[in-house]
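Worksheet: the structure to be examined is printed underneath.
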Amino acid sequence: MADQNWGPADSQTEAGGATTTNNGGAFGTAELRGAMPTSDDQIVTSATEPINWANPVPYDYTAYAKNDSGGHKWDSNVKVYEWNGEEGDIGPEFPDLEIELFGQPDKRQDGRGIDFKGISEIELTQEGPTRVQPIATFKDAGLHPAMLKNVQLAGYDVPTPIQRYCLPAIHLGYDVIGIAQTGSGKTAAFLIPILNKLMGKAKKLAAPRPNPATFVEGVSPRVRAEPLVVIVSPTRELAVQIFNEARKFCYRTMLRPCVVYGGGGFREQEEQLQKGCDVLIATPGRLIHFINNPQTLTLRRVRYMVIDEADEMLMDDWKDDLTTIMSGGEQEEGNINYMLFSATFPKGARDLARTHLAETHVRLRVGRAGSSHTNIKQTIVYVDPSLKRQALIDLIKSLPPTRTIIFVNSKRAAEEVDDFLFKEGMPCTSMHSDRNQLEREAAMRGFRSGKWPILVTTGVTARGIDVRNVMHVVNYDLPSIDHGGIEEYTHRIGRTGRIGHRGLATSFYSDRDEPLASVLTRTLMETNQEIPDFLEKYVPEGATKENLKFEADSDFEEDMYGSGGAGGAYGADGTDGADGADGGWAAGGGDAGDAAAGGSDWNKAGGDNAEGASGWGASGSTEPEVHNW
């Protein structure tokens, strides 16, 4: 990639002919080809054949203009597993649905293209008085055979660090705080163990629901949804994504998943809930709406509540909703396990944890809070704002065609860049918060399928969206320091390089981005990226260079649990303070919940003391454990 500097720089020439020698780390055609996955859904054909972008297909923005489905399928209405039988706890296999959920057998996701060495080098820290022993493989996790089969069908081979600890922690009945880098596999980290714990218990715990074999729309009586699991997500797209993962892991479990989100068809979502719901994924506003309609939904049976991307939902306008969801419903709080997952852990998240989580919860930190993966090649390019469009099209054409996300900072910019790229012959679409939900869902489906492999978007898709084979993220606009700053940058580039894959992130930098320069430079240094000439002046010196400091490291603040007391206090340096009564959850030690007697009925040893048989003990140590896998 030759063109690295656009605008007033020492080695600048006319637009289209700029070259520099120190460019912040060029990641060109050869490297991008080398990082390409080998699965059949890639856009690139081979490493030697000449390749071109597909002919652009116009996106029909009038098709969904009224936000009326008009025969179009809402993402909340896709097929889920429903068994017509009256007996048994595990349903039979449905080959057609299995293909719909997991793909054709010869095209399913597997370990190809995953950099397992990169995964093994991710550092994980256990903090606080409660510790668990990690699993090494999914086969060691005491999973029900049907759940293990679902894990294999979903293409999960080697558990990521967050999964190695979350599975035993949730199995043992602990509340969990997971501070994990974006793309670390945390959705599966909570879905697999929660659903596994409920397998075989659906008839005992779940509310009655209509039999789909005899249910007649508009005739059969509906039921009130009484979920056992509630998963709260800050964005509609992330909620749908978690729902699709839940559909996979609920396969044959007799647990019925549903998703509700703002902008979607309210009547259709209500109808899905009234067919029965055991696992509910929701955005806050729509969930509150249904909570206020107790004839449709009650949370009185909830056993597990997961708050995903917790830091995003602690903005002022969502705090009251989150409080209502976590404690204002009919649920009995003492019977609920809480899980908070986030890429950062600011004060609001700490306050939430202090209020709702048990003192003996497990706290896991994967890498530094808010950090990015080393398997993402980050290139920062100086571009004069007036030359951005030309720089963008030259950048896209200089690399092999692949799924690409282009981030901008405004809705207007999203539409303008989308229009520009389409006129340049690029197969693209755009998405932002002013688009109605049907438009957003159609854009995401087209992007996932490869129909529109270039997506121009605002930060609405920065959080949690996991699309296979996104090899390139472009920050056409870097996030401003007042609107997300470096945390937003980290979430954006995390759309590539997912779970051990490699990826490329290119960011256009100009003088207006100077407020972000210092922390951006430190972020590049942290992941061993090359520093371009125009950022060299922001490189720290001396001891600070060896021990990089980040303002976002607020999860280490001393006020996490005060200055001591039961459960221990976290010190400012990440170590524990006074441990108080540290709980004593030793392996085989009893708790009123699942720590000893319950275990897993499906453990290979077949016994009740599952955590003993599988080595899932927990210690009372108060020293932080750091593991490099």
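Every read-out reported here was derived from the displayed coordinates using simple, explicitly stated rules and does not represent laboratory data. Because the structure is predicted, anything quoted here is derived from the model rather than measured. Every residue, glycine as well, gets a Cβ built from its backbone with ideal geometry; the counts of neighbours run over all protein chains shown.
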Full extension between residue 527 and residue 97 adds, at 0.36 nm per residue less the Cα distance, a length in nm of 150.6 nm
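Quote the charge dipole size of the range 124-366 about the Cα centre in Debye, to the nearest 20; the model charges only the Cβ of Lys and Arg (+1) and of Asp and Glu (-1). Walk me through the numbers on the way to the answer.
Working: 29 positive and 25 negative charges, 197 e Å.
That gives the range 124-366 a dipole magnitude of about 940 debye.
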The range 294-309 scanned against label point 7 Å out from residue 223 along Cα→C-beta; backbone N under 17 Å for 295-303
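Please compute the length gained on full extension between residue 449 and residue 518, using 0.36 nm multiplied by the number of residues separating them and subtracting their Cα-Cα distance.
Full extension from residue 449 to residue 518 adds 21.0 nm.
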Ordered by fewest other Cβ atoms within 10 Å, a rough proxy for footprinting exposure, 137, 496 read 137, 496
Taking r as the C-beta separation of residue 410 and residue 267 and R0 as 35 Å, the FRET efficiency to the nearest 0.05 is 0.60
If amide H atoms are modeled at 1.01 Å from N in the peptide plane, then the residues at a separation of 5 or more from residue 225, or on another chain, having amide H under 5 Å from its own are 297, 298
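Distance check, please: which entries in 149/204; 149/347; 79/319; 139/275; 411/451; 203/319 exceed 28 angstrom between their Cα atoms?
Numbers: 149/204 24 Å; 149/347 40 Å; 79/319 33 Å; 139/275 34 Å; 411/451 22 Å; 203/319 35 Å.
The answer is 149/347; 79/319; 139/275; 203/319.
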Going fewest to most other Cβ atoms within 10 Å around each Cβ, 342, 510 line up as 510, 342
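Any chance you could run the full-extension gain for residue 319 through residue 347? It's 0.36 nm times the residue separation minus the Cα-Cα distance, nm to one decimal. Write down the numbers at each step before the final one.
Numbers: separation 28, 0.36 × 28 = 10.08 nm, distance 1.28 nm.
Going from the current span to full extension adds 8.8 nm.
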The answer for the net charge of residues other than residue 412 whose Cβ lies under 15 angstrom from its Cβ, with Lys and Arg +1 and Asp and Glu -1, is -2
Quick shape summary for the range 124-366, equivalent ellipsoid via Cα gyration tensor, semi-axes whole Å in descending order, reads 28, 22, 15
Contact order relative to length for the range 124-366, counting C-alpha pairs under 8 Å separated by 6 or more residues, stands in percent at 29
Simple spin-label estimate for residue 207/residue 123, 7 Å along Cα→Cβ, in nm, reads 4.7
